[in-house]
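Beneath this line is the structure, given in structure tokens, with notes to follow.
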Amino acid sequence: MDQADEYIFAWQALKIFYIFQSDLPSDPFTFDGPADLYASLDERWTKYYTPREANKLLSLFTTESSAGIGIFFDFEGDTLFIRHVIENSPAEDAGLRKGDTLLAADGISLVGISTDSLFSVLSGDSAQPITFTVLRGASHLEITVYRGYFVAPTVITDTLDDVAAHISLFEFLDSTTYPAGTEQELRVALAQTAAFPVTILNMRSNPGGLVDQCVKVANQFLANGDIIICSTMREYDQTLGTGATVDFIYRDTSAAGTGTRKFIILVDGYTASAAEVVTSAIKDNLASCRIMGSNTYGKARGQILMGTTAGGLVKITSMTFTTSHGIDYNLHGLAPHVQLNYDVDWIKAAQDSAHIMAGIPKRALKAPAHGPTRAQVIELNRKMRGIPRMERIAVVKK
């Protein structure tokens, strides 16, 4: 009877919320179980999860990291130092501090180390120790950190030079280091970078997240009444006791956007779903913005997650999206204003473009005589954030 209840629940959820109603089987009771029923649909994002699979899936809706230490780095020449320690991370628990100079890790010198080599030295499994030789003031310390899990930010703010600020936006979640989630993180980041002539918003490999979060993020850029995205969705009609298909337009409802502030948005083939919603909204409404990179992933679909009677989950495609101009970008992606080849340093290209947008004559941007370039440091901190990015590509709406 429990199995029958689970099957009926899974089927009723499809009848109410599945956006492609004409594709549902005429006889739903010819399948061995809900997983087979859902697999019969020609729709890659609609799936049934057993209770065990459901627990793993739900863990992807937080920024709890894979094993790491919780540090953002910077270089001064060949010298490596800590720029930021994430709250409640293994690094903070062990006593590492902002400003500490890291001389060695497990006896391996970190002076003059490349960013790729540093990533290899610091990566490891959960509970594995790593002992740092630290210079703090005039004191040499030995501090052991046990790699572990921690809640990471979804937004990182950096600067390239006095013209271009840089913001990395990794995903759109309501469970992050800030109470209000990603939208609060970005609000703080935009305030911190307001004085820069141009801000680079890096959404490469951003797999998306929650619809309400991406709408709140888009609100921070647009003017009141601007169209963010157009959607067709399935909703539950309480009067009829069944599902209904409705059209809905998401509009900016904020008091004020960023006005004429100049932005460069970096996207790539792994910029998906909610990140594409924000990209589309900015591209269609902000004339002072330039999109650079490659075509985005092309996921103009949104899903609803529902717990089942037996503790499993159903993930059902309940929404389709088009841009404010009515363009269906599913499977095609959104094209940037400027296409970049993969043999080019994209951050450096965005930096050069920022100088042009700011009306500042192009000047030689020299790398330091020793140590990594600014772009390499930014990329290192993106990698060290420690979250398995593309595991979440199929789970980008709630």
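Kindly indicate which of 111, 121, 85 is β-branched (Val, Ile, Thr), free of Cβ contacts under 8 Å to residues at least 40 places away in the same chain and more than 22 Å from residue 156 (Cβ to Cβ). None of the others qualify; the one that does is 111.
Provide a single number: the residues in segment 234-271 that are surrounded by 11 or more Cβ atoms within 10 Å (Cβ to Cβ), of a type in the set (A, V, I, L, M, F, W, C) and without any contact (Cβ under 8 Å) to a residue 12 or more places away in the chain. So the answer is 1.
Are there any helices (runs of 4 or more DSSP H) wholly within segment 181-290 with 2 or more residues that are touching an Asp or Glu at 6+ places or on another chain (Cβ under 8 Å), and if so which? Filter on segment 181-290 gives 211-219, 274-285. Out of segment 295-310, which residues are under 21 Å from the mean Cα position of the chain (by Cα) and surrounded by fewer than 20 Cβ atoms within 10 Å (Cβ to Cβ)? Scanning segment 295-310 gives 295, 298, 305.
For segment 291-337, filtering for residues that are in a loop (DSSP other than H, G, I, E, B) and of a type in the set (Val, Ile, Thr) leaves 5.
Residue by residue, here is whether (1) at positive phi; (2) surrounded by 14 or more Cβ atoms within 10 Å (Cβ to Cβ); (3) in contact with a helix residue (DSSP H, G or I) (Cβ under 9 Å, 6 or more places away or on another chain) holds:
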position: 90; (1), (2), (3): no, yes, no
position: 94; (1), (2), (3): no, yes, no
position: 100; (1), (2), (3): no, yes, no
position: 133; (1), (2), (3): no, yes, no
position: 146; (1), (2), (3): no, yes, yes
position: 154; (1), (2), (3): no, yes, yes
position: 179; (1), (2), (3): no, no, no
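Being under 23 Å from the mean Cα position of the chain (by Cα) and part of a loop (DSSP other than H, G, I, E, B) is the filter here; which residues of segment 127-154 pass it? Residues satisfying the conditions are 147, 149, 150, 152, 153, 154. Within segment 119-153, restricting attention to residues that are polar (S, T, N, Q) and at pLDDT 90 or above, which residue is farthest from residue 184 (Cα to Cα)? So, considering only residues that are polar (S, T, N, Q) and at pLDDT 90 or above, the one farthest from residue 184 (Cα to Cα) is 139. Among the candidates 364, 394, the residue that is in a loop (DSSP other than H, G, I, E, B), surrounded by fewer than 16 Cβ atoms within 10 Å (Cβ to Cβ), modelled with pLDDT under 75 and of a type in the set (A, V, I, L, M) is uniquely 364.
Residue under question is residue 229, and the condition is that it be over 14 Å from the mean Cα position of the chain (by Cα) and either without any contact (Cβ under 8 Å) to a residue 60 or more places away in the chain or buried (at least 23 other Cβ atoms within 10 Å of the Cβ) (or both); does it hold? When the stated conditions are applied, residue 229 passes them. For segment 16-38, the condition holds for no residue, the condition being that it is out of contact with any His (no Cβ under 7 Å at 6 or more places or on another chain), crowded, with 21+ Cβ neighbours inside 10 Å and either at pLDDT below 85 or of a type in the set (Lys, Arg) (or both). Entry remark, segment 253-272: residues being in contact with a strand residue (DSSP E or B) (Cβ under 9 Å, 6 or more places away or on another chain) and within 16 Å of residue 202 (Cβ to Cβ) number 9 in total.
Being at pLDDT below 95, touching a strand residue (DSSP E or B) at 6+ places or on another chain (Cβ under 9 Å) and over 27 Å from residue 236 (Cα atoms), is that true of even one residue in segment 42-61? Yes, segment 42-61 contains at least one residue that is at pLDDT below 95, touching a strand residue (DSSP E or B) at 6+ places or on another chain (Cβ under 9 Å) and over 27 Å from residue 236 (Cα atoms). Taken over segment 72-112, the criterion of being touching a Lys or Arg at 6+ places or on another chain (Cβ under 7 Å), among the acidic types (Asp, Glu) and not in a strand (DSSP E or B) is satisfied by 100 alone.
The values are calculated or read from the model by the stated rules, or taken from the named source; none is laboratory data. Note that the structure is a prediction, hence the values are computed from the model and not measured. Backbone-built Cβ (ideal geometry, glycine too); neighbour counts: all protein chains shown.
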